[in-house]
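Data block below; observations after.
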Amino acid sequence: MATASPSVFLLMVNGQVESAQFPEYDDLYCKYCFVYGQDWAPTAGLEEGISQITSKSQDVRQALVWNFPIDVTFKSTNPYGWPQIVLSVYGPDMFGNDVVRGYGAVHVPFSPGRHKRTIPMFVPESTSKLQKFTSWFMGRRPEYTDPKVVAQGEGREAQPG
C-alpha cells in the first residue's frame with residue numbers, strides 16, 4: 001500500500017514597498033527579508049533585497065518613495081509559521097554613517113487579492129544611561145545584528161514586577 005505524500009500549497013507574494021513617512025530624515029533606503037516557519041521553503045524569487053536611496057518628495061506629504069518590487073513564492077505543508085516581511089530602513093547620521101532609522105514587520109496577508117499595509121516602525125533603545133551616552137558620543141545607535149528578530153516572539157515575555 002502506497003502512503004500518500006503530504007500535500008503542499010504555494011503562496012505567491014508580489015507587490016512593492018511603496019513609500020515611507022520619516023519626516024525628520026532624508027536620503028533613506030530600505031531592506032526587506034522574510035521570516036517563516038520550518039515547514040516553509042522559498043521556491044522562486046528573492047527572499048531579501050535592498051532598495052535605492054530616495055529623497056523626500058517636495059510636496060506637503062514629504063514621502064520617501066521607493067516603489068521597491070517584491071516577488072517571491074513559498075511552499076509549505078501547513079500554515080504554521082506563515083511568512084512575515086521584515087523591513088529595515090537606514091540613512092545617514094550627522095557624520096555620514098548609515099544608521100538604522102526604523103524596523104517593522106507584518107504578516108503576509110492570509111487572503112488572496114490586493115492588500116495595502118502600513119507598517120509601524122521603531123528603533124531599539126539603549127537600556128542604560130551609560131549606553132545611551134556612549135551611543136550618542138560615538139554616533140552609533142543601537143541596532144539588531146539580525147533584523148529578523150523583529151518578527152520573532154522569543155524573549156518578549158513580560159517579567160513579573
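The values are calculated or read from the model by the stated rules, or taken from the named source; none is laboratory data. In this text the structure is predicted, and so the values were computed from the model without any measurement. Positions of Cβ are backbone-derived with ideal geometry, glycine not excepted, and every protein chain shown enters the neighbour counts. Please note that ligands, DNA and RNA were not included when accessible areas were found on the heavy atoms of the full protein model with its side chains. Shrake-Rupley method; radii C 1.70, N 1.55, O 1.52, S 1.80 Å.
Just a few scattered comments:
- Residues within segment 1-42 that are open to solvent by 70 Å² or more (accessible area, probe 1.4 Å) and either in a strand (DSSP E or B) or touching an Asp or Glu at 6+ places or on another chain (Cβ under 8 Å) (or both), tallied: 6
- Among the residues listed as T145, T73, the single one being among the hydroxyl-bearing types (S, T, Y) and either surrounded by 13 or more Cβ atoms within 10 Å (Cβ to Cβ) or closer than 19 Å to N14 by Cβ (or both): T73
Yes or no, residue by residue, for (1) modelled with pLDDT of 95 or more; (2) touching a Leu at 6+ places or on another chain (Cβ under 8 Å):
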| residue | (1), (2) |
| --- | --- |
| F22 | no, yes |
| A41 | yes, no |
| S51 | yes, no |
| R61 | no, no |
| V72 | yes, yes |
| N78 | no, no |
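- Any hit, segment 18-26, residues being touching a strand residue (DSSP E or B) at 6+ places or on another chain (Cβ under 6 Å), in contact (Cβ under 8 Å) with a residue 40 or more places away in the chain, of a type in the set (D, E) and at positive phi: no
- Residue within segment 90-106 that is of a type in the set (A, V, I, L, M, F, W, C), open to solvent by less than 20 Å² (accessible area, probe 1.4 Å) and at pLDDT 95 or above present: no
- Candidates R141, R114, filtered to the one that is closer than 20 Å to V72 by Cβ and charged (D, E, K, R): R114
- Strands (runs of 3 or more DSSP E) fully within segment 50-161 counting 2 or more residues that are over 17 Å from the mean Cα position of the chain (by Cα): 64-76
- Filtered residues of segment 108-143 (kept if out of contact with any His (no Cβ under 8 Å at 6 or more places or on another chain) and closer than 19 Å to E47 by Cα): V108, F110, R117, I119
- Members of segment 38-88 that are touching a residue at least 40 places away in the same chain (Cβ under 8 Å) and of a type in the set (G, A, S): A63, S76, G81, S88
- Within segment 132-141, not a single residue is under 30 Å from P6 (Cβ atoms) and open to solvent by less than 40 Å² (accessible area, probe 1.4 Å).
- Any hit, segment 116-123, residues being farther than 23 Å from G153 by Cα and at pLDDT 90 or above: yes
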